[in-house]
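One structure is given below, encoded as structure tokens.
The values are calculated or read from the model by the stated rules, or taken from the named source; none is laboratory data. These numbers were taken from a predicted model, which means no experiment stands behind them. Heads up, the Cβs are rebuilt from the backbone with ideal geometry, glycines too, and the neighbour counts pull from every protein chain shown. Each accessible area value is taken on the protein alone, full model and side chains, heavy atoms only, with ligands, DNA and RNA left out. Shrake-Rupley method; radii C 1.70, N 1.55, O 1.52, S 1.80 Å.
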Amino acid sequence: MIAVMSSTIIDVAVIGAGQAGLAAAHAAHHAGRQPVLLEAGNSPTGSWPRFYDTLTLFSPARYSALPGMDFPGDPDHYPHRDEVVAYLRRYAEHLGADIRIGHRVTRLTPTGKQGFQLDLNSGNAMHARTVVAASGAFGRPYRPALPGLDQFTGTVLHSADYRNPEPFTGQRVIVVGAGNSAVQIAIELATHTRTTLATRDPIRFMTQRPLGRDAHFWLKATGLDTARFARRLLTGGKGTPVFDTGTYRTAIARGKPDRRSLFSSVNSTAVEWTDGTREQVDVILLATGYRPALDYLADTEALDPTGQPRHRDGLSLTHPGLGFVGLEWQRSFASATLRGVGADARHVLSRLAAPMTADTTAAA
């Protein structure tokens, strides 16, 4: 049974207090709104503390900041995971928003003119006139259904569970994936064990610093960042390109790791490659990305049959007053990144329905 916490209606409920939620709260404040952030975890840092130890951003600090606060350090350095975690904590402190830690939203229910009811894991409920779903594009690890993988008796893990290479020393490892994280992890593992990077298609590298400027400078300067055709141009329909200074290509060319086409099948202890050969394997690591964590919308029409939100530029096509921030390719190449969520949040908050009354304050 759900107990209602208060009859007062929240102005803007933001689900998630990671980078997307913090950007949404900043945009709400600047729009004269009163946001309340509901964070399932124990800190306003999103998924960042759970990423692997050596994760390095592929955008420099000058392009890795949220609105209103520069990323510290040399603007041209590429921040590591722990720098991002520390930055998000400082940002949340300076934001001064009402952030409620340990508040997991389990269900969102439209309530007509009153907006939405948000059921919480505590058994309580809140009501909000408008809602921003900012639980991020990195909340639900995607594990593809590879032939025979469920029969494999070795170790299968997602990159979300990977921290460092030491536990895999001396084992035969296959990393599945062709994105930035897959390449970074495979190269790191190759210093400790024999590692193969298995991909459906050849890796699509993008030069990190063409003409001496970071690729993100050119994406922004040319307008390609937000062009409607950018996704097709940058991905070719085959995944996001891997930013590289030449180091990654050199390592793979030297076979550290080697790159092969994705295996055709798996049995209890081995994989079968496309040339028909079989090989004993200890570990299959899936660096296959994430899907939005939007289970609380499952009972609404806000999601399509695949679980993806029905939206245009972050505004729900089915529920007025519901918006999204932090989705991959929501409006631009950078939408799911630190530098992209701010612009998307401003767009969404400027278009969400205004409060119905001016004298309502956030729920206590």
Tell me which strands (runs of 3 or more DSSP E) are completely within the stretch 64-123 and hold 3 or more residues being open to solvent by 40 Å² or more (accessible area, probe 1.4 Å), or say none if there are none.
98-101, 105-110
For the stretch 45-59, indicate whether the set of residues that are touching a Phe, Trp or Tyr at 6+ places or on another chain (Cβ under 6 Å), part of a helix (DSSP H, G or I), buried (at least 19 other Cβ atoms within 10 Å of the Cβ) and not charged (D, E, K, R) is non-empty.
no
Need a quick list: helices (runs of 4 or more DSSP H) entirely within the stretch 143-241 having at least 2 residues that are at pLDDT below 85 and of a type in the set (A, V, I, L, M, F, W, C).
215-222, 230-235
I'm trying to understand the selection: among the residues of the stretch 208-223, which are aliphatic (A, V, I, L, M) and under 19 Å from Ser332 (Cα atoms)?
Ala215, Leu219, Ala221
Looking at Ala65, is it over 23 Å from Leu297 (Cβ atoms), among the aliphatic types (A, V, I, L, M) and out of contact with any His (no Cβ under 7 Å at 6 or more places or on another chain)?
yes
Consider Ser350 against the criteria (1) at pLDDT 90 or above; (2) open to solvent by less than 60 Å² (accessible area, probe 1.4 Å); (3) of a type outside the set (A, V, I, L, M, F, W, C): it satisfies all of them except one. Which criterion is unmet?
(2)
Inspect the stretch 283-291 for any residue being open to solvent by 30 Å² or more (accessible area, probe 1.4 Å), at pLDDT below 95 and more than 30 Å from Thr196 (Cβ to Cβ) and give the result as yes or no.
no
Selection over the stretch 36-79 where residues are at pLDDT below 95 and in contact with a Ser or Thr (Cβ under 6 Å, 6 or more places away or on another chain) yields a count of 2
